[in-house]
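The values are calculated or read from the model by the stated rules, or taken from the named source; none is laboratory data. Because the structure is a prediction, the values reported are computed rather than measured. Because the Cβ atoms are built from the backbone with ideal geometry, glycine has one as well, and the counts that use them run over all protein chains shown.
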Amino acid sequence: MTTIITVTLVVLVSLGIVLVDGECQTNGGPIDNCCCLGYNNNNYNVKSSGVYTIGNFCGVKCSNARVYCDTTSGGGGWTVIQRRRDGSIDFKKRDWVEYEDGFGSLSGEFWLGLRSINCLTSQGNWELRIDYQLSNRTKSYLHYKQFSVGPSEDQYQLSISGFDSVGLTDPFYYNADNTINGMKFSSHDRENDLWSPGNCAHNDGGWWYKSCGTVWFNNNYNGRSVFLNGQYLVLPFLEIKIRPLNCNNHAVTI
């Protein structure tokens, strides 16, 4: 662990990130957010995707956290909050505390944790991108213009809107009975769905459910993942990421 931290700090020093708008200062220390690595839609120098240290995490002074930054997809600047790619990590049989705290490895499969996702999205406005690959290796993505997760006292209530992926149906809003906007998170040991026969999380893992819905991103690997464009799909690769809407204002020159 010591070796990994040392290498990361050396990389950050070599980046030479400079202060642009009062929010992206590093000077060899942790970055403020993944946008500080560059935003290539505005022709800033973009650094490699990978694990970075975020300083003053969630606005807490001297509080650092490790996150995976995607610097290439859709312009870059994304903080990855979930990745599934090989079934090496169990996502389904997790209790409430595990979903809160996060699990897995940032270099492989992981769930960042509800507490961290809330901390991030409680500051400013955030968008959501879901990159996925089908069993036939076709790749695509879903995009939402607004995404946030509420605090623990609200059971990490979800707010999501602004779906704009052309040619795809919105899996988070299939119909009035299967929309998850405004729903609280459920796990096998804490039910917050509205499905009277039982707890949706028992069947498909922790998630924001209303009537067990059309999205099961924490289900067993190679189990049903999503109902999209009239089909139940298995997603061998899934990566969910978030980015501040004003990310281009945070980008820096190197």
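Here residue 204 meets the list (1) touching a strand residue (DSSP E or B) at 6+ places or on another chain (Cβ under 6 Å); (2) closer than 24 Å to residue 139 by Cα; (3) crowded, with 16+ Cβ neighbours inside 10 Å almost entirely, failing just condition (1). Tell me, please, whether a residue that is out of contact with any Ser or Thr (no Cβ under 6 Å at 6 or more places or on another chain) and without any contact (Cβ under 8 Å) to a residue 40 or more places away in the chain can be found in region 228-238. Yes: region 228-238 contains one or more residues that are out of contact with any Ser or Thr (no Cβ under 6 Å at 6 or more places or on another chain) and without any contact (Cβ under 8 Å) to a residue 40 or more places away in the chain. Of all residues in region 129-153, those that are surrounded by 12 or more Cβ atoms within 10 Å (Cβ to Cβ) and outside any loop (DSSP other than H, G, I, E, B) total 16.
Based on this model, can you work out whether residue 213 counts as part of a loop (DSSP other than H, G, I, E, B), loosely packed, with under 14 Cβ neighbours inside 10 Å and either more than 18 Å from the chain's Cα centre (by Cα) or of a type in the set (Ser, Thr, Tyr) (or both)? So residue 213 does not fit the description; no.
The set of residues in region 122-175 being under 23 Å from residue 212 (Cα atoms), of a type in the set (Asp, Glu) and more than 15 Å from the chain's Cα centre (by Cα) consists of 153, 154, 170.
The requirement of being in contact with a helix residue (DSSP H, G or I) (Cβ under 9 Å, 6 or more places away or on another chain) and either in a loop (DSSP other than H, G, I, E, B) or within 24 Å of residue 96 (Cα to Cα) (or both) is fulfilled nowhere in region 160-169; no residue meets it. Within region 100-120, none of the residues are within 14 Å of the chain's Cα centre (by Cα), among the polar types (S, T, N, Q) and in a strand (DSSP E or B). The single condition from (1) in a loop (DSSP other than H, G, I, E, B); (2) buried (at least 19 other Cβ atoms within 10 Å of the Cβ) that residue 239 fails is (1). Answer yes or no as to whether residue 199 is surrounded by 16 or more Cβ atoms within 10 Å (Cβ to Cβ) and within 22 Å of residue 119 (Cβ to Cβ). No: the conditions fail for residue 199. So, in region 70-99, of the ones that are in a loop (DSSP other than H, G, I, E, B) and β-branched (Val, Ile, Thr), which residue ends up modelled with the highest pLDDT? Only one residue tops the list, namely 89. Screening region 170-197 for residues that are assigned to a strand (DSSP E or B) and of a type in the set (Phe, Trp, Tyr) and picking the one that is modelled with the highest pLDDT gives 185.
Summed over region 64-122, the residues that are of a type in the set (A, V, I, L, M, F, W, C), under 22 Å from residue 144 (Cα atoms) and without any contact (Cβ under 8 Å) to a residue 60 or more places away in the chain give a count of 4.
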